[in-house]
Each structure stands twice: as C-alpha cells, then as structure tokens.
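The values are calculated or read from the model by the stated rules, or taken from the named source; none is laboratory data. Only a predicted model underlies this, so the values are computations on that prediction, with no experimental measurement involved. Note: ideal-geometry Cβ built from the backbone for every residue, glycine included; neighbour counts use all protein chains shown. Each accessible area value is taken on the protein alone, full model and side chains, heavy atoms only, with ligands, DNA and RNA left out. Shrake-Rupley method; radii C 1.70, N 1.55, O 1.52, S 1.80 Å.
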Amino acid sequence: MLKRTVVYAVLLLLPAFARAAEPGNPAIRATIQKFIDAQDISGAVTVVAAKDKLLAVDTIGLADIAKKKPMEPDSLFWIASMTKPLTAVSILMLQDEGKLNVSDPVEKYLPEFAALKTPTGQPAHITIEQILTHTSGLGEGDGAAIKAAHTLRDLIPIYLASPMLYEPGERWRYTQSGINVAARIVEVTSGLSFDKFVGKHLLKPLGMRHTTFYPNKKQQSHLATPYIKDKQTGELTAAPYAGYGNKEQPPFGNAGLFSTGPDYARFCQMLLSGGTFRGKRYLSAAAFQQLTTVHTGELKTGFLQTDEYGNRGMNYGWGIGVAILKAPHPGVAEMLSAGTFGHGGAWGTQAWIDPVRGLAYILMVQRPGVNGDASKLRQAFQQAASDAFPQPPSTNTH
C-alpha cells in the first residue's frame, strides 16, 4: 500500500516537473495528463508539425518516475519500427541515384536469393518492393541466431535458412526480415554500412542530431524509462530496456533507431513537403509518389484486422515501408484524411502524416506491449491536435 501511495504521490506532482517546450498547446497537455493520472504512462513528448514549422512541442510528465526526471524535448526513445520508413526512404534515394529499382529482384543485389524457393517449390524471385510492403513471404529466421549476428550481412543466410511462409504477393504479413534485407541492399549498392548511410544522407542533413542506432553515454542519460502497467496493482513498473543500441549488433533497418520527438518531426516534415526540407530535396517527386502509393492492391493489411479492432484490414494499404490509410474509420483514424501515412513502434511511439490537412502527429512514449495502432492515447492525442490546429498556417513547400 505504501509503494502505491508513493507512486501516486509522484504522479500527482507531475505538473510541477513538466516543462513544456515552446510552442506548446494546453489542450494537448491536458489530454496527455489524463493518461498520466490514470497511470497508463509516466509521460510523453508530443509534436504537431506543419511543413516548415513546429506548431506544438509538449513535454508532459516524467521520463523516470524513481528519479523524478521530467520529460524534455531531447528525451530519447527507442522508436523500434518507426525505423522502417527511414529504411524505405534510403532505398528510394538510391533509386533516384540510378543504383537500383524497387521492381528489381532482390537476387540482383544479393545473389544468394537466387536459390530461394517458394512453398510450392518455385523460384521465389522476390522483389525489393515486396520486402518493403510485407508481401514477399520471406521467413523470419532463427531468433537466437539473429541475436548473435554482428552485421546485416550475417542476417542473410539466417533468413534464407528458414522456409518461405507463402507465395510472393499472395498475402500481407508483417515481416521484420524483409526490411533488414532492404537495409543490406542499401549497404551493397551504396558502399556504406547502413548506419553510416542513414547518418550521412538523412540524419545529418535533416539536423536529426539526437537520432542514432547506437546511443553514446550522453545520449543514454536522456533515455526515457519504459514502463508497463502491473495487472495486479495497476501501478507503473519499470521494464527491461530494449535489446537494441549495442554496437556489437547490426544497424537493424527494421527497428534499430533511437530518436526524439523534435528530431523525428524533421523527417516527417520532409515527407509532409513531398520529399524536401529547408530547400534540400531528399526524394524526387516520383519516388515520393511511390513511397505513398498503395502497392498491396486489395489485400487486407495492417494491425487492426481482427474482430477486436473492428476488422479494418481493408481500410489500410501498404506503400514502400509505410502504412497508408485508404479510408478513415472510427477510433485512431477518424480525424485523419484518406492518404495519411506513417508507422508506429513496438513501445508505443507513433508518427502519422496527413498531407491533406498538412499536419504530422508525433507521439513519443515508452510502454512495451501496448498496441499503439489501436490505443486510446494515440486517438486522444491526434484528436486534441487536430482540434487545436484545424487549419495549419500556410507554409512554404520549397
């Protein structure tokens, strides 16, 4: 009882520790505070961005309850699968340079794939597009072997040793292996390790100075503590940190990055502007269109396909490394426009870009095991942000 009282007392004091970065939004802070009061999260960093302006940056609650450490704009989060869009953009940047095409078979760059067979025994010939849209059928590989890998090159024989799951293009199944294969193709075609390529061509020029595959000692001091909610007591309990960020590991294209809210907002602003940011073009108009066009036809896609989540598989399609909302639906998508695209992460981080309204919504929390794509928190944040900025100010498209 004493423990619970202490935790609750700390949570009551959260407004005293909260420091909202400018510009902030009271309605967004009040919305997030309700989830803190309910002990669903310890705190959050939220960003609402237009093409060339951050409309609201809010830091609410605590990054570490025990240390009474407030969330800050530079609080660092493991963004997990929000790495995938950067992998996709890296591939498309290389396509713009003429070094590959997403319609190419993977074996053109990784010859080992020529021997890959489908479940019916046919040559697979899976394409780069298929591995980035989760329609390749590629197997996931042995988990223990993946954990022991040191490079992306090491992962390739592990994936090829596992049987394919289905015929290429036959269905949509969220697959980690394909994205890491794409990251390896970036290495082969660019001559740089994947982390170096992303750093040189995206992170540094975009000014994402806190974003990294391998947090250094200073960055580690800014990591937000992950929490889970104890089912018995309802209290927030610190969880073990993600097994990522170790320099002995590959720079995983599927889930390797750590980032901050304002940093990831820069990446979103580049996409919101059709591939440009502050006068520099990162993607051609054609490549941007490929990124944000549905490539999965009438296949059911996404994470809301079950009865529990309203059978929303037909509401979504998949672009190159991003989910695309084909038709808004009640819940997390009711305030979004058709054509909104983005990605979430395993620990509750989310980033969604609405090109019709000219807004990007970035939500940074650390809460393992929660389905962020159906979360009440994501819905409430996006609704508060949408209500606060119904018509974002006119911005330059560069």
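Using R0 = 25 Å, the C-beta based FRET efficiency linking residue 161 and residue 104 works out to 0.60.
Mean sequence separation of contacting Cα pairs (under 8 Å, at least six apart), scaled by the length of the chain, corresponds to a relative contact order of 21 percent.
Spin-label pair residue 387-residue 280: with each label point 7 Å from Cα along the Cα-Cβ axis, the two points sit 3.8 nm from one another. Listed values (i) 20.5, 68; (ii) 20.6, 64; (iii) 19.7, 59 include one computed from this model; for Rg and Dmax of the Cα atoms in Å that value carries the label (ii). Rounded to the nearest 20 debye, the dipole magnitude of region 225-307 is 420 debye, with +1 charges on Lys and Arg beta carbons, -1 on Asp and Glu beta carbons, and the Cα centre as origin.
Please compute the contact order of region 272-398 in relative form: average sequence separation of alpha-carbon pairs under 8 Å and at least six residues apart, divided by the residue count, as a percent. Over region 272-398, the number comes to 19 percent. Over the chain, DSSP H runs of length four or greater, each weighted -39,500 (n - 2.57), average out per residue to a 222 nm ellipticity of -8500 deg cm²/dmol.
Note: relative contact order over region 58-142, using C-alpha pairs below 8 Å and six or more positions apart, is 16 percent. Accessible area per residue (1.4 Å probe, heavy atoms of protein chains only) ranks 248, 167 as 248, 167, with the largest value leading. Probing with 1.4 Å while keeping every protein chain in the model, the per residue accessible area of region 233-388 equals 33 Å².
Per-residue accessible area (protein heavy atoms, 1.4 Å probe) orders 343, 150, 210 as 150, 210, 343, starting from the largest.
In this label model, residue 170 and residue 67 are separated by 5.0 nm, measuring between points 7 Å along each Cα→Cβ vector.
Note that region 232-240 has calculated 3J(HN,Hα) couplings of 7, 9, x, 8, 7, 10, 4, 9, x Hz, one per residue in order, obtained from phi through the Karplus relation 6.51 cos²θ - 1.76 cosθ + 1.60 (θ = phi - 60°); glycine and proline are x. Taking all protein chains together and a 1.4 Å probe, the residues 40, 354 rank 40, 354 from largest to smallest accessible area. Dipole check for the chain: with +1 at the C-beta of Lys and Arg, -1 at the C-beta of Asp and Glu, and the Cα centre as origin, the magnitude is about 960 Debye.
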